[in-house]
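All remarks here apply to the structure that follows.
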Amino acid sequence: MAQPGYLHELQVEIEAHARGFGLDFFQTIFEVLSYKQMHEVAAYGGFPTRYPHWRFGMDYEQLSRGHEYGLSKIYELVINNDPAYGYLLEGNSLVDQKMVMAHVYGHVDFFKNNYFFSQTNRKMIDGMANHAARVRRHVERQGVDKVESFIDACLSLENLIDPMSQFIRRRTTVRDEDQGAGAGAGAGAEDAEEASDAGEVPRLRAKGYMEQFINPPAFVEQQRQRQQREREKDRRFPEEPERDVLLFLLEHAPLERWERDVLEVVRAEAYYFAPQAQTKIMNEGWASYWHSRIMTEKALSTAEIVDYADANAGVLATSKGQLNPYKLGVELLRHIEDRWNKGRFGKEWNDCDDLATRRHWDRRLGLGRQKIFEVRKLYNDVTFIDEFFTMEFCHEQRFYAFGWNERSGNFEVQSREFKKVKEQLLFQLTNHGQPFIVVQDGNYENRGELLLGQHHAGADLKVDHARDTLVNLARVWKRPVNLLTRLDGKGRLMRFDGRDHSEKSADVAAK
């Protein structure tokens with residue numbers, strides 16, 4: 001639906017306020033949607049079109065029922081794109097629309113400037129439409145059931161990517177030259193013997209009494225072991241554990257052309273959405289911080305304050321036993337701003353043990369605004385929490401660690417100790433609480449089987465989920481698949497051969 005004139009005037013006003021605060025965002029286009037249209041777009045992840053799949057219909061049904069029963073309401077949606085698109089819900093009050101616009105400008109500023117979004121496709125609306133067209137062509141040729149079944153398998157594996165591969169070079173294309181060639185490195189060719197086909201270490205010719213000096217046994221043995229490792233490395237497939245499991249499958253699985261194309265679509269979209277999962281707390285906190293500043297300092301009239309306070313309280317409300325990313329993000333950003341305004345950082349602050357001095361510490365530096373913009377640019381949720389979630393903040397916000405009590409059958413508070421609270425929070429955020437899985441061998445036991453390994457981070461896999469994942473991996477790999485993990489402190493090898501699951505003790509615990 002085209003944007004009414006009065007909403008355009010509001011947009012111009014809110015955009016001017018946002019730029020006045022220093023926000024830097026893509027051109028943002030707002031569209032007004034009905035409840036039905038909003039649910040359709042939300043089911044598609046914020047995009048007007050996606051490839052055909054039953055899960056989008058299921059998501060739409062859940063959103064619609066939630067709205068009908070009064071359990072949920074979508075106030076806004078925004079797409080990381082250039083230009084960015086924000087959706088306003090038809091029927092919202094003017095106060096709600098202004099708050100949503102301010103919130104959207106905060107999101108778009110974050111999309112544009114946060115490092116972890118820097119490698120995302122800024123034309124993803126076109127990209128999603130292209131993906132949809134590609135998949136529909138395959139549906140026409142292969143049939144709905146066949147394509148949807150394969151998409152089901154791919155979607156169950158979409159978390160097996162390496163989000164940091166966008167920023168870190170994982171693979172080496174040229175092997176580094178051998179170093180430490182010893183005394184023989186500068187000798188002429190006539191002074192060295194050729195290595196044998198069996199891999200004998202080259203030696204310099206020397207008379208018998210000089211042998212141990214010219215070719216020290218320790219050095220010769222070191223070179224022999226190095227050559228052996230290189231030969232083993234040449235035989236290993238892949239050479240190093242591969243974190244991007246989907247990429248490995250694309251490169252080496254015996255897929256039909258249409259299957260490879262579908263898997264490429266799923267992988268590309270998984271990488272597009274990955275930064276949003278990595279920065280959920282920061283992103284929502286940043287948008288909430290700025291809608292609060294813009295509304296309370298610039299955009300609200302006196303008559304609108306109560307309505308705004310009511311709507312904002314709903315956004316920041318915390319349910320029992322659940323983490324609200326909006327609340328945590330905005331409060332931690334405010335805490336950082338206050339600390340840097342008062343100079344509560346650095347060696348002098350950290351070394352101060354006097355509680356009264358710390359309580360009244362105020363150097364009046366006024367660096368808070370500069371600091372939060374720096375944080376917005378460089379951090380993701382894990383580094384954000386790790387660096388700035390302090391003991392003072394934890395106690396001030398009354399955070400606690402909670403877990404499942406088998407006896408009572410409820411989630412209960414387990415600790416208010418700062419260290420345990422922070423560890424639990426970081427554990428939930430690291431890799432989005434999912435296991436670290438890598439490809440260890442694409443030709444396991446020389447049988448063409450796939451071997452995956454779990455980098456155990458303190459929590460065992462859910463066995464039923466792991467088995468389902470192995471089934472879907474076998475669907476893609478078309479050969480038996482194995483998973484090396486640790487259960488109850490013991491190394492275990494889980495296997496699916498295409499028909500049955502099996503499990504046995506592993507000689508080496510999963511790394």
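Numbers for the structure displayed
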{"item": "Candidate lysines for bridging to residue 36, where Cα separation is under 17 Å - those fewer than 8 sequence places away on the same chain excluded", "result": "73"}
{"item": "Cut-off 15 Å between beta-carbons: net charge of the residues surrounding residue 132, Lys and Arg +1, Asp and Glu -1", "result": "-1"}
{"item": "Calculated on alpha-carbon atoms, Rg and Dmax of the stretch 223-332 in Å", "result": "25.2, 83"}
{"item": "Burial order of peptide ranges 326-338, 64-76, 28-40 (average beta-carbon count within 10 Å, highest first)", "result": "326-338, 28-40, 64-76"}
{"item": "Options 493, 474, 463, ranked by Cα towards positive dipole end of the stretch 435-505, top entry (Cβ charges)", "result": "474"}
{"item": "Radius 10 Å from Cβ of residue 494, net charge of other residues (Lys, Arg +1; Asp, Glu -1)", "result": "+3"}
{"item": "Cα pair distances exceeding 26 angstrom across the stretch 317-430, given as percent", "result": "27 percent"}
{"item": "For 340, 290, 258, order by how many other beta-carbon atoms lie within 10 Å, fewest first", "result": "258, 340, 290"}
{"item": "Expected-Rg normalisation [2.2 N^0.38 Å, Cα atoms] applied to the stretch 435-505", "result": "1.01"}
{"item": "Residue pairs, from the table 342/420; 280/504; 112/146; 478/504, whose Cα atoms sit over 31 Å apart", "result": "280/504; 112/146"}
{"item": "Cut-off 14 Å between beta-carbons: net charge of the residues surrounding residue 113, Lys and Arg +1, Asp and Glu -1", "result": "+1"}
{"item": "Tensor-based shape of the stretch 42-183 (alpha-carbon gyration tensor, a/c under 1.5 rounded, otherwise prolate or oblate)", "result": "oblate"}
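Rule-based calculations on the coordinates, nothing more; no lab input. This one's a predicted model, so the numbers in the text were calculated from it and none came from an experiment. Cβ atoms come from the backbone with ideal geometry, glycine included; neighbour counts cover every protein chain shown.
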